[in-house]
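Worksheet: one structure, shown below.
The values are calculated or read from the model by the stated rules, or taken from the named source; none is laboratory data. Since this is a predicted model, take the numbers as computed values, not measurements. Cβ placement follows ideal geometry from the backbone for every residue including glycine, while neighbour counts extend to all protein chains displayed. Only protein heavy atoms, including side chains, enter the accessible area calculation; ligands, DNA and RNA are left aside. Shrake-Rupley method; radii C 1.70, N 1.55, O 1.52, S 1.80 Å.
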Amino acid sequence: MMERRVRVRFAPSPTGPLHIGGVRTALYNYLFARQQGGDMILRIEDTDSTRFVPGAEEYINEALAWLGIGIDEGVREGGPFGPYKQSERRDIYRQHVKQLLDAGRAYIAFDTPEELDARRKEIANFQYDASTRGMMRNSLTMPADEVQALIDGGEKYVVRFKIEPNRDVTVHDLIRGDVTINSSILDDKVLYKSADDLPTYHLANIVDDHLMEVSHVIRGEEWLPSAPLHVLLYEAFGWADTMPQFVHLPLLLKPDGKGKLSKRDGDRLGFPVFPLDWTDPTSGERSSGYREAGYLPQAVVNFLALLGWNPGDDREILSMGDLIKEFSFEHCSKKGAKFDYEKGKWFNHEYLLALDDAELARLFRPILAAHVDHAEAFADDYVTRAVGLVKARINFVKDLWEQARFFFVRPDTYSEKDIRKRWKAETPAIMRQLIDVLRGVDDFTSARTEEVVLGWIKENDFHMGNVMNAFRLTVVGECKGPHMFDISELLGREETIARIELGLQRITVADE
Ligand code: GLU
């Protein structure tokens, strides 16, 4: 086979929100295109008018853009092989249907749904193929003038592919190797319907792959059963030499048990299976997306890339650049990949940790604003330092509120459990002394305050754990959070002392 420019396409049908498995298919296409210095096409396969959903195409564009999956040629980008939307390519398909008819590789069939049903009742396992087409109402069994008269009279018809029986058809797949089936199991697939003057998926898909000079068809495993038919179509058109390489990607499986990952698994186990939120325009049904759930696009890309592929070693954190460099079909698995959404959270955690604190603070701002009045009064530097102190404890930006709230509001309650454990009869007196100690610290940095306070505790032989936790209880409201003296440094001397005083007024000693 001759060397050709790498051209791949992602070819979704706009029938609803793009499933996360479709996103992975788009990603692998993109990685391969970029690695090979080739082109990435986005083709909208909207020939099934009954399944068209408004908004779905915009959703696809927005999801790919969010994830950084760049498109070189497409409906919005344009390009030399357009139009890139199948409903705008009717003339092209009509011509190609004619080409197959003229060559005797396809035929016209008038059988109505009722007639087909009747055959199905009559003949066990009825299939429209070489063994049955001779008894049906089609251009192979009817005289040409009768066929023409029916067409002229507006009778609805379909064009079927005339499949030669008993031939072994081999699909060369770069992940699966050779997959061979016998052509007798295939039916004479409908390629075109006069009712809506549109081709079916099979015809439009391969005509476009050919005309758009697609070199590699990289798609989900669910399309593998169509591939032998596609091979036969390439041959029938005389395009066997430029047939693309096929790559069928492993399925994404349920996190628990067997079977394909579905929206229901996400609803049941509480994780998104779509990139972005989506509301169905007819039913109003909502589906949650990774973006709105608080995932960083880089984390989603990394997570998806490793579902069905590995870099050949145990590296897990791989940037888009790394993925482009390392991607290969040899390291794609044939076996389905279990959708481990807990791992997805881990990736998000890692990517959030890797952000610089100022960027994380910027992402946190809207959440802060939703929780406190006058959030803008907190300086960027303050917010940045606050998120920096707690970021190791979060999986999502929204978790920052839970973890860092005490930097922005004084405690309004104090943990009962911690009071019982740490607030002893002698604690109030010790806390009053602590206030004096804090007033006396020459430099209120974390390190210096720690040195002074711990020195005072030791000198007085106080119980280290109780004193430090009582201190923390007044400042934070519970015995949790980052290093205590980092907290006091950021809050500052006045605020730290004010909180101890407030705690002294409000916390009462638990009855022993
Ligand atoms: N339109 C098909 C889909 O929705 C494309 C399959 C293919 O890539 O050939 O996934």
Picked from region 149-167 (must be hydrophobic (A, V, I, L, M, F, W, C) and assigned to a strand (DSSP E or B)), the residue most open to solvent (accessible area, probe 1.4 Å) is Val158
Those residues of region 370-385 which are part of a helix (DSSP H, G or I) and surrounded by fewer than 13 Cβ atoms within 10 Å (Cβ to Cβ) amount to Ala370, His371, Glu376, Ala377, Asp380, Asp381
Among the residues of region 336-353, is any part of a loop (DSSP other than H, G, I, E, B), open to solvent by less than 10 Å² (accessible area, probe 1.4 Å) and closer than 30 Å to Arg176 by Cβ?
-> yes
Being among the β-branched types (Val, Ile, Thr), away from the ligand (no atom under 16 Å from the Cβ) and surrounded by fewer than 20 Cβ atoms within 10 Å (Cβ to Cβ) narrows it down to one of Thr170, Thr200, so name that one.
-> Thr170
Got a sec? Which of Arg43, Arg51 is open to solvent by 30 Å² or more (accessible area, probe 1.4 Å) and under 21 Å from Arg89 (Cα atoms)?
-> Arg51
Could you give every pair whose Cβ atoms fall below 9 Å, whose first residue belongs to region 5-19 and is modelled with pLDDT of 95 or more, and whose second residue is near the ligand (Cβ under 7 Å from one of its atoms) and hydroxyl-bearing (Ser, Thr, Tyr), counting only separations of at least 6 or pairs across chains?
-> Ser13/Tyr201
Every residue from region 45-86 that is at pLDDT 95 or above and among the polar types (S, T, N, Q) = Asn61, Gln86
Here the residues within region 167-209 that are more than 26 Å from Leu251 (Cα to Cα) and among the small types (Gly, Ala, Ser) are Ser184, Ser194, Ala195
For Asp436, state whether it is farther than 30 Å from Asp373 by Cβ, modelled with pLDDT of 95 or more and charged (D, E, K, R).
-> yes
Mind listing whichever residues of region 207-224 are open to solvent by 10 Å² or more (accessible area, probe 1.4 Å), within 12 Å of the ligand (Cβ to nearest atom) and aliphatic (A, V, I, L, M)?
-> Leu224
Kindly indicate whether Asp399 is out of contact with any Gly (no Cβ under 7 Å at 6 or more places or on another chain), modelled with pLDDT of 95 or more and either more than 27 Å from Leu360 (Cβ to Cβ) or of a type in the set (A, V, I, L, M, F, W, C) (or both).
-> no
Of the listed residues (Ile69, Ile60), the one being surrounded by 21 or more Cβ atoms within 10 Å (Cβ to Cβ), part of a loop (DSSP other than H, G, I, E, B) and either under 19 Å from the mean Cα position of the chain (by Cα) or within 10 Å of the ligand (Cβ to nearest atom) (or both) is Ile69
With the checklist (1) part of a loop (DSSP other than H, G, I, E, B); (2) at pLDDT 95 or above; (3) open to solvent by 40 Å² or more (accessible area, probe 1.4 Å); (4) not aliphatic (A, V, I, L, M) in hand, flag the one item Pro311 doesn't pass.
-> (3)
For region 7-21, how many residues meet the condition of being assigned to a loop (DSSP other than H, G, I, E, B) and either near the ligand (Cβ under 10 Å from one of its atoms) or open to solvent by 20 Å² or more (accessible area, probe 1.4 Å) (or both)?
-> 8
For Asp145, which of the numbered conditions (1) farther than 30 Å from Ala11 by Cβ; (2) of a type in the set (D, E, K, R); (3) open to solvent by less than 40 Å² (accessible area, probe 1.4 Å) fails to hold?
-> (3)
In region 22-55, what residues are assigned to a loop (DSSP other than H, G, I, E, B) and either more than 14 Å from the ligand (Cβ to nearest atom) or of a type in the set (Phe, Trp, Tyr) (or both)?
-> Gln36, Gly37, Gly38, Phe52, Pro54, Gly55
Hits in region 420-455 - residues which are open to solvent by 30 Å² or more (accessible area, probe 1.4 Å) and either of a type in the set (Phe, Trp, Tyr) or assigned to a loop (DSSP other than H, G, I, E, B) (or both) | Lys424, Ala425, Glu426, Asp442, Asp443, Thr445
May I ask you to list the residues in region 225-254 that are under 20 Å from the mean Cα position of the chain (by Cα), away from the ligand (no atom under 12 Å from the Cβ) and either more than 29 Å from Glu342 (Cβ to Cβ) or open to solvent by less than 30 Å² (accessible area, probe 1.4 Å) (or both)?
-> Pro250, Leu252
Taking the condition under 21 Å from Arg499 (Cα atoms) and open to solvent by 40 Å² or more (accessible area, probe 1.4 Å), does Arg393 pass?
-> no
Say whether the condition of being within 14 Å of the ligand (Cβ to nearest atom) and part of a helix (DSSP H, G or I) is met by at least one residue in region 76-86.
-> yes
Looking at (1) within 21 Å of Thr508 (Cα to Cα); (2) assigned to a loop (DSSP other than H, G, I, E, B), can you tell me which one Ala470 breaks?
-> (2)
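Results for (1) open to solvent by 60 Å² or more (accessible area, probe 1.4 Å); (2) not in a helix (DSSP H, G or I), shown as yes or no for each residue.
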residue: Tyr107; (1), (2): no, yes
residue: Arg120; (1), (2): yes, no
residue: Phe126; (1), (2): no, yes
residue: Ser131; (1), (2): yes, yes
Return a yes/no flag: does region 136-150 have any residue that is more than 16 Å from the ligand (Cβ to nearest atom), in contact (Cβ under 8 Å) with a residue 60 or more places away in the chain, closer than 28 Å to Glu115 by Cβ and not β-branched (Val, Ile, Thr).
-> no
Within region 496-507, is there a residue that is open to solvent by less than 30 Å² (accessible area, probe 1.4 Å), within 27 Å of Glu402 (Cα to Cα), touching a Leu at 6+ places or on another chain (Cβ under 6 Å) and not in a helix (DSSP H, G or I)?
-> no
Condition broken by Gly177, with the remaining ones in (1) more than 15 Å from the ligand (Cβ to nearest atom); (2) crowded, with 17+ Cβ neighbours inside 10 Å satisfied | (2)
